[in-house]
Every structure is written in C-alpha cells, then in structure tokens.
Amino acid sequence: MLSKITLYHYNADECIFSDNVSLKECAAYENEKHVNWINILGISDPAVLKEAADIFKIHPLVVEDIGNNIQRAKVEEYDDMLYVVLRMFHLKGNTIEDQQVSIVVRNNTIVTFREFDAGIFQKSIGDKLKAGTSSLRKHGEDYLLYSILDAIIDNYYIVLAHISEKIEALERDVMKTMSW
C-alpha cells in the first residue's frame, strides 16, 4: 500500500487541511502559533518511516516500534518528544479489525502512524477541526492527543457492545438446545 499523508494545520482562528501532501510540505508548516496533526497511512513503506524520522527527529527506537506493528500499549518519554502506542479496534461489517496506532508528540506537532483508515478520526476530530465547531482548535497539541486517544477508546465500546450481542445470541442458542 502506498502511503497517504494528510495535514491539519490549525489554531483558534483557522484550520488548513491538506490531503495527499509530502512530509517535506508538512515540515514547512511547523511554527509556534499553530498545531500540526500529520496523519500517515500505510506505514509499511520503510522509506516513508525513514523520511518522517529524519524530518521530525524521531528517536530510532521509536521508528523501530512504529515499524513493528505488534507493540503493547505504552507511553515513552524522550528528551524532546513523547511516544504513545495502542491498538485501535473497529467494526467492518460483522468483522472486528484492529491496527496499531503510533503517536509522536513534539513541538506543537502530532504525527500519527496507521496502516489504514478506519474512519474513526474523521467525524470525531477531523470534521470538528475543519468546521471549528468544538473547543478543539482553541487548545494545543496536548488536547489533540487527548482527543485522538478518546476517539480510539470510545470505539472500544462499540466493539465491546458488538461482542456482547454475539455472546448473548450464543447463550440464547445454547439455552434453547439444552434439555433440563
């Protein structure tokens, strides 16, 4: 899969959204008056990981973790950045899919790394940033990190409800076939 990179460059007054941008274009937007959210989809390309590491000065151990998509959830603090990794689950039809989400936070910038787009971030964060309909644009990258984590965890409940419904249906079937 080819990588796809999107950028949200925002502050309280404006949000610039760019679709299918290069990492070099994203780096040009870095400044202290705006928050940048760079979302990289399709992280199986080592050249993209290397370029992101070079441009955003991502620690080599973090780059290794991003490329190894079976990490346990964790938070690691480095001198000039924070690294967060966790699993994101979502329903695709009747199937539960999951993927690793790696998040690098540094200097008003958040870079998220995912293999594919499950649509979870668009409504909960992306649309709100573009429209300015929430307090999201009034806060810094720390609140964006909170919002990303909140969207991932909120979706856990949708998946858990689906699993619960399946278990209840199985229990009903078992009870029907049992003879007392």
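Just so you know, all these numbers are worked out from the coordinates, no wet-lab data involved. For clarity, every value in this text was computed on a predicted model and none was experimentally measured. As a convention, Cβ positions derive from the backbone with ideal geometry for all residues, glycine included, and neighbour counts pool all protein chains shown.
Computed from the Cβ-Cβ distance with R0 of 22 Å, the FRET efficiency linking residue 94 to residue 122 stands at 0.50.
Which net charge results for the neighbourhood of residue 142, defined as the other residues with beta-carbon distances under 13 angstrom from its beta-carbon, given Lys and Arg at +1 and Asp and Glu at -1? Before the final figure, lay out each step's value.
Numbers: positive: 106, 138; negative: 141, 150.
Neighbour charge sum, excluding residue 142 itself: 0.
Coordinate range of the alpha-carbon atoms in the range 108-180 per principal axis, descending: 64, 26, 18 Å. Dividing the helix sum by the residues of the chain, where each DSSP H run of 4 or more adds -39500 (n - 2.57), gives a mean residue ellipticity at 222 nm of -12000 deg cm²/dmol. What the Cβ-Cβ distance of residue 159 and residue 68 gives, at R0 = 22 Å and to the nearest 0.05, is a FRET efficiency of 0.40.
Checking the a/c ratio against 1.5 first, then a/b against b/c, what shape does the Cα gyration tensor give for the range 70-131?
Values: a/c = 3.40, a/b = 1.31, b/c = 2.60.
Oblate, since a/c reaches 1.5 and b/c is not below a/b.
Across the range 1-149, Cα-Cα distances exceeding 18 Å account for 55% of all pairs.
With R₀ fixed at 45 Å, the C-beta to C-beta distance from residue 13 to residue 168 puts the FRET efficiency at about 0.40. Charged neighbours of residue 25, selected by a Cβ distance under 13 Å, balance to -2 (K, R count +1; D, E count -1).
Between the alpha-carbon centres of the range 133-180 and the range 60-117 there is a gap of 19 Å. Charge tally for residue 122 (other residues, Cβ to Cβ under 11 Å; Lys, Arg +1; Asp, Glu -1): +1.
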